[in-house]
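What follows is a set of notes on a single structure, which appears directly below.
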Amino acid sequence: MMTKSLAAILAGFAIALPSTFWLLKKIRIKSKIRHFQVSLVIGLPTALFVFLLQTSFVVPVVVITVALSLLVVALELTLRRVVASLSSTSARTFGMHRTGASVPLDEARNASNYYPYDYFTEDFMTEIHQSFSKSKQSHLSAYIATHGQVQSEKSYLAYQSFNYHGTHIDISDGFRSTTDTPPSTLADRNIYLFGGSTMFCIEVPDRLTISSFLQRLLRLVSDSDQVVNCGSPGATAVDRTRMLSEIVEIKQGDIAIFYFGDNDSGWIVHRSGKLSQQMVPLYLRTLRGLADFGSEIARWIYGEIAPKRFRKFSRLAVADTLIALNEAHEYCLNKGAHMIAVLQPNLYTLQTKSEYEKKLERRFSQDLKTLITEAYKQYEEWVETVSYGVSATHIFNNASSSVFVDWAHANARGSELVAKFVYEEIHKRKLVGG
């Protein structure tokens, strides 16, 4: 009996230890106590199985194991077939959001009604997916290697030295280029647009970003206003507030627009600097890791369990965001500048959805929808209580064609609608003439 038990334990942990290291590496956990815990969870049942194989229970144990294994394999194959049937066969995708699948280029082009027709090109797609993406990842990797994990309050530092100069995309020291700016000798006021990737607008060329559309609208009435795109992939209001106070030299009369909501709903970072994923219980992170590896069963179970847990991240994110926006507003007041906080629209704020948008929504996880929905209830209430807040969640409801390339990022039509809304809000507040 002692020999059988020892053999079972050795066999169990010979399987468990490498499996644990592989799994936890996939979900980026280095804690020794976690390695010990997961090793026990995997090792003890495996050891029991090996032990039972050495007893008179070997036949029923093998039969039950084989039956369960076949059931799991059948379920996995069935789910993969269902998922494959819902996916497009187009190889080129549009949109790069890491919370869900990208959109095939032909779908994005058709949904936009080809507006404008000349930027949905392979040339532009190549610049996004190859040149820019590789340069960005290389730069961030170098930053993390030097400074460690990017913190939510300081993540703008990871982009401050980033430069990229392409045919369609131009970035200098982390700032995306705004086209049609007035001559420097005439511009005497800056309008800063703070936000995440939805303000950075990687899905469109420089001339079709929110900042460039807004610049052209402003130039119809004045050559004294210069728009500066302060958007950055993954940025939150917490991060942009730090950028405002530490990098941007805002002065009297300037305007700061904070375009917030999507990244501020709990799925990216917490003010402590922890990624929300790192705050998720281990079993959920494990399921997500297996799902990312390709397991449709893990993805299905994760989608059923995770949303309820994630509501607390939404509450944390909202609290941090409102503190940051209030800090930004006070900072602007002290500098004699103006500030407007604009609650941004997304796929989940649309009142009615086209078939394309319904299909698009199904590509993204239920936990994301839960986070956005929970946070936006509070954000909608908040913008009604402060003089510098306004909701833009309705502006895509009556668009002539879809503006989305994923759940958050917009095409050129979306950029134009956002720019018009911001312009009208600035004008309504009598901060610009015309």
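Some points to look at:
- Accessible surface, 1.4 Å probe, highest first, among residues 285, 176: 285, 176
- Once the Cβ-Cβ distance of residue 377 and residue 49 is raised to the sixth power relative to R0 = 45 Å, the FRET efficiency obtained is 0.40.
- Sequence ranges 393-404, 320-331, ranked by mean other-Cβ count within 10 angstrom, highest first: 320-331, 393-404
- For the pair residue 420 and residue 397, the difference between a 0.36 nm per residue extended length and the Cα-Cα distance amounts to 6.8 nm.
- Here the Karplus relation 6.51 cos²θ - 1.76 cosθ + 1.60, evaluated at θ = phi - 60°, turns the backbone of the range 171-181 into coupling constants of 10, 10, 6, x, 9, 6, 5, 9, 8, 6, 6 Hz, with x for every Gly and Pro.
- If R0 equals 41 Å, the separation of the Cβ atoms of residue 79 and residue 121 corresponds to a calculated FRET efficiency of about 0.70.
- Count, lysine Cα pairs under 30 Å in the range 344-434, 8 or more residues apart or across chains: 17
- Virtual spin-label span in nm between residue 359 and residue 28, 7 Å along Cα→Cβ: 3.2 nm
- Put a dot 7 Å past the Cα of residue 333, heading toward its Cβ, do the same for residue 351, and the two dots end up 3.4 nm apart.
- Whole-Hz Karplus values for the range 208-220 come out as 10, 7, 4, 5, 6, 4, 5, 4, 5, 5, 5, 5, 5 Hz, taken residue by residue from phi with 6.51 cos²θ - 1.76 cosθ + 1.60 and θ = phi - 60°; glycine and proline positions read x.
- Residues residue 427 and residue 366, FRET efficiency given R0 of 35 Å [Cβ-Cβ distance, rounded to 0.05]: 0.30
- Accessible surface, the range 13-88, averaged per residue in Å² (probe 1.4 Å): 73 Å²
- Ordering of 385-391, 237-243 by burial proxy (mean other Cβ atoms within 10 Å per residue, highest first): 237-243, 385-391
- Apportionment of accessible area to carbon and sulfur, the range 16-90, percent (1.4 Å): 75 percent
- Cα gyration tensor category, rounded, prolate or oblate, for the range 308-405 with a/c compared to 1.5: oblate
- Listed peptides 15-27, 198-210 by packing density, highest first (mean Cβ within 10 Å): 198-210, 15-27
- Label-to-label distance, nm, for residues given as residue 56 and residue 160 (7 Å Cα→Cβ offset): 7.5 nm
The values are calculated or read from the model by the stated rules, or taken from the named source; none is laboratory data. Because the structure is predicted, anything quoted here is derived from the model rather than measured. Glycine gets a Cβ as well: all are built from the backbone with ideal geometry, and neighbour counts include every protein chain shown. Calculation scope for accessible area: heavy atoms of the full protein, side chains included, ligands and nucleic acids excluded. Shrake-Rupley method; radii C 1.70, N 1.55, O 1.52, S 1.80 Å.
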